[in-house]
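J.: Okay, here's the structure, questions in a sec.
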Amino acid sequence: MHSSTSYSGKLPLVKKSAASLRRYLCCLYFFVLFVAVQFLCPAFGMTDEGELTDDQARQQCFKGKAIYCLALGIKEEKVGHRERALELYRTACKKHPTPGHLRACTPLLGLAWKMNRLDEEAIPLETRCKEDDPITCFYLGQEYLKLVEMEKASRHLEPLCRDHFRPPDPANYGPCYHLAKGYEQAGQWNRALELFQFDCENHPEKGQPSCVALKELVEMERVHRELRQKGIRGFDPVEAVLLFVVFMSVLNVWIWFKGGSWGLKYLVWVAPAMVWGGAVTWVYWPDKPEYPPSQWVVLFFAFLLVTGVAVFAYRALYPPNVSH
(Lines give C-alpha, C1' and ligand atoms only; values in the text may rest on other atoms or scores of the structure.)
Protein backbone atom coordinates (compact mmCIF):
# COMPACT_ATOMS: atom_id res chain seq x y z
CA MET A 1 0.00 0.00 0.00
CA HIS A 2 2.73 2.40 0.84
CA SER A 3 4.57 1.95 -2.43
CA SER A 4 1.37 2.42 -4.42
CA THR A 5 0.56 5.62 -2.61
CA SER A 6 4.07 6.93 -3.24
CA TYR A 7 3.83 6.28 -7.02
CA SER A 8 0.46 7.99 -7.35
CA GLY A 9 1.89 11.03 -5.60
CA LYS A 10 4.59 11.51 -8.27
CA LEU A 11 2.25 11.23 -11.25
CA PRO A 12 0.86 14.80 -11.11
CA LEU A 13 4.40 16.16 -11.10
CA VAL A 14 5.24 14.25 -14.31
CA LYS A 15 2.05 15.48 -15.99
CA LYS A 16 2.81 19.05 -14.92
CA SER A 17 6.36 18.85 -16.36
CA ALA A 18 5.11 17.47 -19.68
CA ALA A 19 2.55 20.26 -19.98
CA SER A 20 5.23 22.89 -19.29
CA LEU A 21 7.46 21.35 -21.94
CA ARG A 22 4.65 21.45 -24.49
CA ARG A 23 3.96 25.11 -23.71
CA TYR A 24 7.69 25.92 -24.03
CA LEU A 25 7.98 24.14 -27.36
CA CYS A 26 4.82 25.81 -28.64
CA CYS A 27 6.13 29.27 -27.71
CA LEU A 28 9.48 28.51 -29.27
CA TYR A 29 7.78 27.37 -32.48
CA PHE A 30 5.72 30.55 -32.78
CA PHE A 31 8.78 32.69 -32.02
CA VAL A 32 10.80 31.02 -34.74
CA LEU A 33 7.87 31.31 -37.14
CA PHE A 34 7.52 35.02 -36.34
CA VAL A 35 11.22 35.68 -36.96
CA ALA A 36 11.14 33.69 -40.19
CA VAL A 37 8.14 35.63 -41.46
CA GLN A 38 9.83 38.95 -40.65
CA PHE A 39 12.90 38.01 -42.70
CA LEU A 40 11.14 36.20 -45.52
CA CYS A 41 8.19 38.50 -46.16
CA PRO A 42 10.27 41.25 -47.87
CA ALA A 43 11.63 38.61 -50.23
CA PHE A 44 8.10 37.76 -51.40
CA GLY A 45 8.06 41.01 -53.37
CA MET A 46 11.49 40.45 -54.96
CA THR A 47 12.30 39.02 -58.35
CA ASP A 48 14.50 35.99 -58.87
CA GLU A 49 17.58 38.21 -59.00
CA GLY A 50 16.78 39.74 -55.61
CA GLU A 51 15.66 43.05 -57.13
CA LEU A 52 12.39 44.92 -56.77
CA THR A 53 9.80 44.60 -59.49
CA ASP A 54 9.50 47.49 -61.95
CA ASP A 55 6.39 48.83 -60.20
CA GLN A 56 8.09 48.74 -56.82
CA ALA A 57 11.20 50.34 -58.28
CA ARG A 58 9.09 53.16 -59.74
CA GLN A 59 7.48 53.75 -56.35
CA GLN A 60 10.92 53.97 -54.77
CA CYS A 61 12.07 56.28 -57.58
CA PHE A 62 9.14 58.64 -56.98
CA LYS A 63 9.98 58.64 -53.28
CA GLY A 64 13.36 60.12 -54.08
CA LYS A 65 15.64 57.07 -54.17
CA ALA A 66 17.73 57.81 -57.24
CA ILE A 67 19.29 54.35 -57.42
CA TYR A 68 15.95 52.90 -58.52
CA CYS A 69 15.50 55.63 -61.12
CA LEU A 70 18.91 54.77 -62.55
CA ALA A 71 18.15 51.04 -62.59
CA LEU A 72 14.90 51.61 -64.48
CA GLY A 73 16.63 54.01 -66.84
CA ILE A 74 19.30 51.43 -67.68
CA LYS A 75 16.57 48.90 -68.51
CA GLU A 76 14.77 51.36 -70.75
CA GLU A 77 17.99 52.33 -72.52
CA LYS A 78 18.89 48.69 -73.17
CA VAL A 79 15.60 48.07 -74.98
CA GLY A 80 15.98 51.26 -77.02
CA HIS A 81 13.52 53.52 -75.18
CA ARG A 82 15.87 56.47 -74.97
CA GLU A 83 13.27 59.11 -74.17
CA ARG A 84 11.96 57.12 -71.20
CA ALA A 85 15.50 56.43 -70.05
CA LEU A 86 16.39 60.11 -70.34
CA GLU A 87 13.39 61.06 -68.20
CA LEU A 88 14.35 58.56 -65.51
CA TYR A 89 17.99 59.70 -65.57
CA ARG A 90 16.80 63.29 -65.31
CA THR A 91 14.72 62.39 -62.27
CA ALA A 92 17.69 60.65 -60.65
CA CYS A 93 19.85 63.71 -61.25
CA LYS A 94 17.25 66.06 -59.73
CA LYS A 95 16.66 63.84 -56.70
CA HIS A 96 20.21 64.50 -55.52
CA PRO A 97 20.81 68.26 -55.69
CA THR A 98 23.68 68.17 -53.23
CA PRO A 99 27.24 68.21 -54.63
CA GLY A 100 28.09 64.89 -53.04
CA HIS A 101 25.61 63.03 -55.24
CA LEU A 102 26.45 64.52 -58.63
CA ARG A 103 27.47 61.13 -59.98
CA ALA A 104 23.74 60.35 -60.24
CA CYS A 105 23.78 62.79 -63.19
CA THR A 106 26.47 60.91 -65.13
CA PRO A 107 24.06 58.58 -67.03
CA LEU A 108 21.94 61.60 -67.95
CA LEU A 109 24.87 63.46 -69.51
CA GLY A 110 26.12 60.34 -71.28
CA LEU A 111 22.77 59.55 -72.91
CA ALA A 112 22.12 63.22 -73.71
CA TRP A 113 25.48 63.34 -75.52
CA LYS A 114 24.49 60.30 -77.60
CA MET A 115 21.21 62.02 -78.48
CA ASN A 116 22.92 65.36 -79.31
CA ARG A 117 21.13 67.05 -76.41
CA LEU A 118 24.04 67.52 -74.05
CA ASP A 119 23.84 71.31 -73.85
CA GLU A 120 20.13 71.18 -73.11
CA GLU A 121 20.35 68.60 -70.32
CA ALA A 122 23.42 70.19 -68.74
CA ILE A 123 21.72 73.57 -68.22
CA PRO A 124 20.78 72.97 -64.53
CA LEU A 125 24.31 71.90 -63.69
CA GLU A 126 25.81 74.75 -65.70
CA THR A 127 23.62 77.16 -63.76
CA ARG A 128 24.87 75.79 -60.46
CA CYS A 129 28.44 76.11 -61.71
CA LYS A 130 27.91 79.76 -62.63
CA GLU A 131 26.49 80.37 -59.15
CA ASP A 132 29.98 79.91 -57.73
CA ASP A 133 29.78 76.17 -57.08
CA PRO A 134 33.32 74.93 -57.86
CA ILE A 135 32.49 71.30 -57.05
CA THR A 136 29.79 71.25 -59.72
CA CYS A 137 32.18 72.93 -62.17
CA PHE A 138 34.80 70.29 -61.42
CA TYR A 139 32.27 67.49 -61.87
CA LEU A 140 31.09 68.92 -65.20
CA GLY A 141 34.66 69.28 -66.42
CA GLN A 142 35.41 65.65 -65.67
CA GLU A 143 32.22 64.49 -67.39
CA TYR A 144 33.00 66.57 -70.49
CA LEU A 145 36.43 64.96 -70.60
CA LYS A 146 34.83 61.51 -70.64
CA LEU A 147 32.70 62.63 -73.58
CA VAL A 148 35.78 64.09 -75.37
CA GLU A 149 34.32 67.58 -75.26
CA MET A 150 37.67 69.27 -74.78
CA GLU A 151 36.49 72.86 -75.24
CA LYS A 152 33.77 72.49 -72.61
CA ALA A 153 36.10 70.61 -70.26
CA SER A 154 38.77 73.30 -70.58
CA ARG A 155 36.22 76.04 -69.88
CA HIS A 156 35.47 74.45 -66.50
CA LEU A 157 38.75 72.87 -65.43
CA GLU A 158 41.35 75.41 -66.50
CA PRO A 159 40.11 78.22 -64.20
CA LEU A 160 39.94 75.74 -61.32
CA CYS A 161 43.48 74.64 -62.12
CA ARG A 162 44.80 78.21 -62.13
CA ASP A 163 42.97 78.91 -58.85
CA HIS A 164 44.61 75.87 -57.21
CA PHE A 165 41.27 74.16 -56.59
CA ARG A 166 41.57 70.85 -54.73
CA PRO A 167 38.62 68.41 -54.82
CA PRO A 168 37.02 67.18 -51.58
CA ASP A 169 38.20 63.64 -52.27
CA PRO A 170 41.92 63.54 -51.39
CA ALA A 171 42.38 60.58 -53.74
CA ASN A 172 41.33 62.73 -56.70
CA TYR A 173 44.28 64.23 -58.58
CA GLY A 174 42.56 67.52 -59.31
CA PRO A 175 41.58 69.63 -62.36
CA CYS A 176 45.09 70.26 -63.69
CA TYR A 177 45.92 66.58 -63.89
CA HIS A 178 42.62 65.55 -65.49
CA LEU A 179 42.68 68.33 -68.06
CA ALA A 180 46.32 67.64 -68.92
CA LYS A 181 45.50 63.96 -69.43
CA GLY A 182 42.68 64.97 -71.74
CA TYR A 183 45.05 67.11 -73.81
CA GLU A 184 47.59 64.30 -73.89
CA GLN A 185 45.03 61.83 -75.22
CA ALA A 186 43.91 64.40 -77.78
CA GLY A 187 47.51 64.78 -79.01
CA GLN A 188 47.93 68.35 -77.73
CA TRP A 189 51.21 67.63 -75.98
CA ASN A 190 52.34 71.21 -75.47
CA ARG A 191 49.22 72.13 -73.49
CA ALA A 192 49.46 68.89 -71.52
CA LEU A 193 53.10 69.61 -70.65
CA GLU A 194 52.22 73.12 -69.50
CA LEU A 195 49.48 71.92 -67.13
CA PHE A 196 51.47 68.98 -65.76
CA GLN A 197 54.37 71.31 -65.03
CA PHE A 198 52.11 73.93 -63.42
CA ASP A 199 50.49 71.33 -61.15
CA CYS A 200 53.80 69.69 -60.30
CA GLU A 201 55.45 72.98 -59.33
CA ASN A 202 52.53 74.31 -57.29
CA HIS A 203 51.49 71.10 -55.52
CA PRO A 204 54.66 69.04 -55.12
CA GLU A 205 53.16 66.93 -52.34
CA LYS A 206 49.65 66.42 -53.75
CA GLY A 207 50.62 66.92 -57.38
CA GLN A 208 53.02 64.02 -57.45
CA PRO A 209 50.98 62.22 -60.17
CA SER A 210 51.42 65.30 -62.36
CA CYS A 211 55.17 65.16 -61.77
CA VAL A 212 55.27 61.51 -62.82
CA ALA A 213 53.09 62.20 -65.85
CA LEU A 214 55.32 65.15 -66.78
CA LYS A 215 58.43 62.95 -66.81
CA GLU A 216 56.67 60.28 -68.84
CA LEU A 217 55.43 62.79 -71.39
CA VAL A 218 58.84 64.42 -71.77
CA GLU A 219 60.42 61.00 -72.30
CA MET A 220 57.73 60.04 -74.80
CA GLU A 221 58.26 63.25 -76.74
CA ARG A 222 62.02 62.60 -76.83
CA VAL A 223 61.49 59.09 -78.20
CA HIS A 224 59.10 60.36 -80.86
CA ARG A 225 61.56 63.06 -81.86
CA GLU A 226 64.33 60.48 -82.28
CA LEU A 227 62.05 58.27 -84.34
CA ARG A 228 61.16 61.19 -86.59
CA GLN A 229 64.85 62.01 -87.05
CA LYS A 230 65.61 58.41 -87.95
CA GLY A 231 62.69 58.34 -90.33
CA ILE A 232 63.97 61.44 -92.18
CA ARG A 233 67.22 60.09 -93.56
CA GLY A 234 69.90 62.55 -94.51
CA PHE A 235 70.37 63.33 -98.21
CA ASP A 236 73.30 61.40 -99.69
CA PRO A 237 75.34 63.29 -102.35
CA VAL A 238 75.58 60.18 -104.50
CA GLU A 239 71.82 60.25 -104.88
CA ALA A 240 72.14 63.76 -106.31
CA VAL A 241 74.38 62.32 -109.03
CA LEU A 242 71.74 59.75 -109.98
CA LEU A 243 69.04 62.42 -110.03
CA PHE A 244 71.26 64.52 -112.29
CA VAL A 245 71.64 61.62 -114.74
CA VAL A 246 67.89 61.01 -114.90
CA PHE A 247 67.05 64.71 -115.19
CA MET A 248 69.52 65.31 -117.99
CA SER A 249 68.19 62.32 -119.92
CA VAL A 250 64.65 63.71 -119.80
CA LEU A 251 65.91 67.21 -120.64
CA ASN A 252 67.50 65.85 -123.83
CA VAL A 253 64.07 64.86 -125.15
CA TRP A 254 62.82 68.44 -124.70
CA ILE A 255 65.91 69.83 -126.45
CA TRP A 256 65.31 67.44 -129.37
CA PHE A 257 61.97 69.10 -130.10
CA LYS A 258 62.82 72.72 -129.15
CA GLY A 259 66.57 73.20 -129.55
CA GLY A 260 67.11 73.66 -133.29
CA SER A 261 70.53 73.06 -134.88
CA TRP A 262 72.49 74.07 -131.77
CA GLY A 263 70.40 71.66 -129.77
CA LEU A 264 71.21 68.81 -132.14
CA LYS A 265 74.93 69.46 -131.74
CA TYR A 266 74.47 69.49 -127.95
CA LEU A 267 72.60 66.18 -128.08
CA VAL A 268 75.26 64.55 -130.21
CA TRP A 269 78.38 65.55 -128.27
CA VAL A 270 77.70 67.22 -124.90
CA ALA A 271 74.67 65.38 -123.58
CA PRO A 272 76.11 61.84 -123.81
CA ALA A 273 79.33 62.99 -122.18
CA MET A 274 77.46 64.57 -119.26
CA VAL A 275 75.09 61.64 -118.72
CA TRP A 276 77.72 58.95 -119.11
CA GLY A 277 80.10 60.90 -116.90
CA GLY A 278 77.45 61.19 -114.22
CA ALA A 279 76.65 57.48 -114.47
CA VAL A 280 80.29 56.48 -114.08
CA THR A 281 80.59 58.81 -111.10
CA TRP A 282 77.53 57.19 -109.48
CA VAL A 283 78.80 53.65 -110.10
CA TYR A 284 82.28 54.28 -108.69
CA TRP A 285 81.32 56.64 -105.88
CA PRO A 286 83.44 55.79 -102.81
CA ASP A 287 81.57 54.10 -99.92
CA LYS A 288 78.39 54.09 -101.98
CA PRO A 289 75.65 52.27 -100.02
CA GLU A 290 73.88 49.30 -101.51
CA TYR A 291 70.92 50.34 -103.59
CA PRO A 292 68.01 48.20 -104.76
CA PRO A 293 68.05 46.79 -108.31
CA SER A 294 65.36 49.27 -109.32
CA GLN A 295 67.90 52.11 -109.31
CA TRP A 296 70.14 50.17 -111.71
CA VAL A 297 67.16 49.71 -114.01
CA VAL A 298 66.56 53.46 -113.95
CA LEU A 299 70.20 54.04 -114.83
CA PHE A 300 69.95 51.59 -117.72
CA PHE A 301 66.95 53.34 -119.23
CA ALA A 302 68.72 56.69 -118.81
CA PHE A 303 71.65 55.29 -120.85
CA LEU A 304 69.26 53.95 -123.46
CA LEU A 305 67.40 57.25 -123.73
CA VAL A 306 70.43 59.52 -124.09
CA THR A 307 72.11 57.16 -126.56
CA GLY A 308 69.00 56.85 -128.72
CA VAL A 309 68.43 60.61 -128.77
CA ALA A 310 72.10 61.16 -129.67
CA VAL A 311 71.82 58.74 -132.65
CA PHE A 312 68.70 60.42 -133.98
CA ALA A 313 70.26 63.87 -133.47
CA TYR A 314 73.38 62.82 -135.37
CA ARG A 315 71.29 61.50 -138.29
CA ALA A 316 69.30 64.73 -138.33
CA LEU A 317 72.43 66.88 -138.18
CA TYR A 318 74.43 64.82 -140.68
CA PRO A 319 71.98 63.12 -143.00
CA PRO A 320 73.55 60.33 -145.09
CA ASN A 321 74.23 61.02 -148.80
CA VAL A 322 71.58 59.47 -150.99
CA SER A 323 73.10 58.06 -154.22
CA HIS A 324 70.96 58.18 -157.39
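The values are calculated or read from the model by the stated rules, or taken from the named source; none is laboratory data. These figures come from a predicted structure and were not determined experimentally. Glycine gets a Cβ as well: all are built from the backbone with ideal geometry, and neighbour counts include every protein chain shown.
J.: Considering only residues of region 78-103 that are small (Gly, Ala, Ser) and buried (at least 19 other Cβ atoms within 10 Å of the Cβ), which is modelled with the lowest pLDDT?
T.: If we take residues in region 78-103 being small (Gly, Ala, Ser) and buried (at least 19 other Cβ atoms within 10 Å of the Cβ), then ALA92 is modelled with the lowest pLDDT.
J.: Sticking with this structure for a sec: Can you run down the residue pairs with Cβ atoms below 8 Å, 6 or more apart or on separate chains, where the first is in region 78-91 and without any contact (Cβ under 8 Å) to a residue 12 or more places away in the chain and the partner is of a type in the set (Asp, Glu)?
T.: What qualifies is ARG84/GLU76.
J.: For region 170-193, which residues satisfy the criterion of being aromatic (Phe, Trp, Tyr) and closer than 15 Å to GLU221 by Cβ?
T.: Answer for region 170-193, where residues must be aromatic (Phe, Trp, Tyr) and closer than 15 Å to GLU221 by Cβ: TYR183, TRP189.
J.: Does LEU193 qualify as being surrounded by 15 or more Cβ atoms within 10 Å (Cβ to Cβ) and closer than 10 Å to GLY141 by Cβ?
T.: No.
J.: Look through region 170-190, keep the residues that are hydrophobic (A, V, I, L, M, F, W, C) and part of a helix (DSSP H, G or I), and return whichever of them is surrounded by the fewest Cβ atoms within 10 Å (Cβ to Cβ).
T.: TRP189
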